[in-house]
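Read-outs throughout are calculated quantities, based only on the coordinates presented, and are distinct from any laboratory measurement. This structure is a prediction, so every number in the text was calculated from the model and none was measured. Cβ: placed from backbone, ideal geometry, glycine included. Neighbour counts: every protein chain shown.
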Amino acid sequence: MTHAVPRVDAMKPSKPGPTRTAPPRPPDKFPGGGRYPAYLAFGACGAFLMISASLLTRGIWALGNGEAAWDAYRAGLGHPAYLVYHVAAFLGLTWFVLRLFRLFPATQPYRIGPLKRPPDAVLVAGLYGLFFTVLAVGTLFLGGAML
Amino acid sequence: MVDVTRHDVVIVGGGAAGLRAAIAVSEARPGISIALVSKVYPMRSHTVSAEGGAAAVARSDDTLEMHAYDTVKGSDFLGDQDVIQYFVEEAPKELTRLEHWGCPWSRNDDGTVATRAFGGMTTKRTWFATDKVGFHMLHTLFQTSMKYGDIERYDEHFVTKLLVDGGACRGVAALDMRTGQVKAVLGKAVILATGGGGKVWPFTTNGNIKTGDGMALAYREGIALKDMEFVQYHPTGLPGTGILITEATRGEGGYLLNSEGERFLTTRDYGVGTKAELGPRDMISRAIMQEIAAGRGIKIPGKIGEYAHLDLRHLGEEKIMARIPFVRELSRTYANVDPVHEPIPIRPVLHYMMGGVDTDIDGATEIDGLYAAGETACVSLNGANRLGSNSLTECLVFGARAGAHAVQYIAGSSGGEEGPLLRQAEDEAGRVEALRGQQGGGEKITKLRESMNDIMERGTGVYREQASMAKANTEIAELKGRYEQLSLDDPSKVFNTEIIAALELRNMIDVAESVALAALHRKESRGAHACPDFPTRNDGEYLHHSLVYYGPTGPRFDKKDVTLGVWEPEERKY
Amino acid sequence: MSEVKKTIVVTRFDPDKDEVPKTQSYEIPVQDDWKVLEALNYIKDNVDPTLSHRWSCRMAVCGSCGMNVNGEPKLTCKDPISSYGDTIEVAPLANFPVVRDLVVELEGFMDKFKAVKPWIIAAKERAAEEGTHRQSPDELADFKSFSMCINCMLCYSACPVVSNEPDFLGPAALALGHRYNQDSRDEGADERNEIFRDEGGIFSCSYANECTEVCPKGVNPSGAIQQAKLNNVVDWAKSFVVPRRKSS
């Protein structure tokens, strides 16, 4: 995890220089100023992915261990703590996606395969289209409407 | 004792000419040891600021002969025609090599290298990478130089003296800016590639590092500086800062307008004929100055003076962004003007020195083993006026040739004793040590620099009056005396930029001295040297190169024949 | 041009005298059309000749004058002084050892720069007589924006990974390597990708995007690195199907 303590070996030359140097400072606004909090939060959203993935694994395990285990798992999902987590994860991952989509167009090369890269607006619209489609399909599926 | 390092070839300067020379040396004899000594990291070298392009014949409707003739005529017949012939032949090969090394030249739709029109050139022969050509060439050369293991860099080392013994140059004394120590960097040959000295003048496109160091180093060792009176005023610099707006703006179709919105180069006779904005730089700069003198300049409130307009609006945003985007960035950042919507304020600005260290076609000087290339040299390619886009190519062609010849030279040189060289380096270390933080007589760097700038602007501007040139000579001599009284404030050793500024100032004053003397002696108007007292060219008396030699009691003037051979001088009219 | 007084708070450090960096304030008259660099030059020329800073071209292309201004990495010759209040703090670039005052140690960068092999790698060298390569405007555009880096180091000063992973090659060097990988004249991508995938390569980047945010020339190093990541993942996946060409 990143921290604000200076690394005295940042950008250090492979051969020591001939005169004494003052150690490097970390970026002046790190971690609390400028755009850094957003970046750190973006990284921290990885925790949601990790927790949700482990819960999903736990669910699959329960499914294979009989009806009682599955019911207990389902009951667990109704626990207030889980509901709080669920809302937090939803907000966090939504924000994660928003930042990713904001940064994404600039990562695209001049040509994607044989085609010239479309204008940023088209790329962003495409990303949101894909995102909401997946979200809608997922919601309908989990809500039972597609079963 | 000073630190001593030993190499085969020592190159001073890490711009286009120095880097090209280094690569040429390494390719001529792999395994050879090269020292590349530069007062800045090479990617900071002023080549980086060149914008418009590099000339070489590329199109089927062009010929080497046409390029040669354009250059001869542009030089006002003071260029050496054998040099020009060699230059135009090598130019396409050199630019092609740069293409192989990765230079991102702009392209035609069919994938061939694109060329654009430039002043004084009869057809489109200027290769370009949008309008950051010097930047891309320099970075391509620097990055490519890294694959040659033979090149050892001495970055941020300021050369204070050439080590010359027994008539041969065999190293340099260099002040390591990091430690404040003087080192002896020895070699069997030395190549100077330190660029020009535009900072001698106050209003210049040149960066802070352009202080004529190589010229002064050679001058103090007794080598002549040649054709120093010819300094080029670029027609289009931003008022105030002097930041360059490339000639490519006119190559792409830009207009110059006076305060009445008139395209004066087409409506009045300034000798450029139908070329209009694509006339040579000396003529266009004079035309702008005359428009201003006639009351048709645009007035700026405050100290900056009057200017003309460079109008690009008719080119449209798409073309401006495709061909000259840097011009737009510079205009917006430094003049608060968007050329898509408004004309750019411009005025003539000191840009380039045609003169420099006198060399032959191989880049060799009067001292054995000492070579020079690029703006610091005067190989007599540019004569009395350089054509835009010839100088980047010149750095490559003559950097490579000087490198190749230095390798040939050292094969036949037996070297010599180190003792005398080391003693010189020791003495030099003592002098530098004494200068650092010296008490002196109260004179200050800033004041002296301002005085020098002022003297040179009054004495050697676009137009040169005899009286003002004579005065400049006297005043520069006085300034040399004042320099001896310099007082410095910084006694620290590590990265002391004050002592560097003091050493640079000494170099600039030496360069200024040679310019002032050569200018005074040329009582005619030729190329960039325009004297209202002698308004015409006088081939009978002045078809010769000027030489200025250093002397402890003052400079000495001499002259040298021009090599003709193909084209006899004729009236220079476009 | 109107003239106002501003206080420039400059970080000073002289290893001959100072144990650690300190600050020094200069109250100077400034013109409102100045850049921050002009204020430093005013101090150097008229107030304190012992101040050390690097600069040259003053037109945003030589890359010498990068510094942290009020905590943000800036190219000081391009940074208008009018965008700040009465007090402006100028410090050396973050993430670099400091040699003196505003001058930072660049050798570490030069090592990283060279490590990505920033030159054309081709199996066979062409002779000049063979003429230029054909490169379409599209092929040029594939890499052109990544060739615009002026090595001003602002990206290194802003990158949070640089301060934590000393081996990280960093934004400018990686973008430069990617520039050559994308060049139709180059055949060295396999060689460079091995370096890219190694410790301190592209996968050390955690996409802070600070490099792209602070770049004064619109190079977008972050975009280059994300592209390189994708290229390398695809390259890696392909290696299961087609054996990778071994580089020399």
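Quick rundown of the values:
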item: Helix A:120-142 axis, angle to chain A major axis (alpha carbon atoms, nearest 10°); result: 30
item: Bins of 5 Å from zero: percent of alpha-carbon pairs in the range B:7-107; result: 2, 11, 16, 18, 19, 18, 11, 5, 1, 0
item: Residue-wise HN-Hα coupling along the range B:164-174, computed from phi with Karplus coefficients 6.51, -1.76, 1.60 (Hz; x: Gly, Pro); result: 10, 9, x, x, 10, 8, 9, x, 9, 9, 10
item: Cα coordinate range in chain B, projected on the principal axes (Å, largest first); result: 67, 55, 49
item: Excluding exposed DSSP-loop GluC sites (Glu not before Pro) (at most 12 other C-beta within 10 Å), longest clean stretch of chain C; result: C:20-124
item: Gaussian network model of chain A, Cα within-10 Å springs - most flexible of A:109, A:31, A:118; result: A:109
item: Anisotropy class of the range B:235-350 from Cα gyration tensor, a/c 1.5 cut; result: oblate
item: Integer Hz, Karplus 6.51/-1.76/1.60 couplings in order for the range B:54-59, x for Gly and Pro; result: 10, 8, 6, 5, 9, 9
item: Computed magnitude of the charge dipole of the range A:63-147 (debye, nearest 20; Cβ of K, R +1, Cβ of D, E -1); result: 540
item: Contact order relative to length of the range B:438-561, as percent, for alpha carbon pairs under 8 angstrom and 6 or more apart; result: 26
item: The range C:58-159, relative contact order in percent, only Cα pairs under 8 angstrom and at least six apart counted; result: 35
item: Using alpha-carbon coordinates, inclination of helix B:133-145 to the longest axis of chain B, degrees; result: 30
item: Unpaired by the 4.7 Å Cβ criterion, cysteines found in chain C; result: C:65, C:77, C:149, C:152, C:159, C:205, C:215
item: Cα extents of the range C:107-238 along the three principal axes, largest first (Å); result: 48, 34, 28
item: Largest-first ellipsoid semi-axes for the protein assembly as shown, taking √(5λ) over the Cα gyration tensor eigenvalues, angstrom; result: 52, 32, 29
item: Directionally averaged shadow of the range C:3-104, computed from the convex hull of its alpha-carbon atoms, nm²; result: 6.0
item: Residue C:52 long-range amide H proximity, modeled H, under 5 Å; result: C:102
item: Mean separation of Cα contacts under 8 Å (6+ apart) over length of chain C, as relative contact order %; result: 17
item: Distance from the range B:206-261 to the range B:536-574 (C-alpha centre basis), Å; result: 21
item: Residue-wise HN-Hα coupling along the range B:409-418, computed from phi with Karplus coefficients 6.51, -1.76, 1.60 (Hz; x: Gly, Pro); result: 4, 6, 4, x, 9, 8, x, x, 6, 7
item: Two-decimal log10 I(q)/I(0) for the range B:438-561, as the Debye equation yields it once each C-alpha is a single scatterer, q = 0.18, 0.22 Å⁻¹; result: -0.94, -1.22
item: Interchain or long-range residues, amide H under 5 Å from residue B:368's placed H; result: B:169
item: Under 5 Å, built H, 5+ apart or other chain: amide partners of residue B:36; result: B:11, B:152, B:153, B:154
item: Overall Cα dimensions of the range A:16-74, principal axis frame, Å, largest first; result: 72, 29, 11
item: Positive-end residue, chain B charge dipole about Cα centroid, Cβ charges, pick of B:184, B:517, B:235; result: B:235
item: Cleavage-rule hits, GluC sites (Glu not before Pro), the range B:444-552, DSSP coil, Cβ neighbours within 10 Å at most 16; result: B:465, B:484
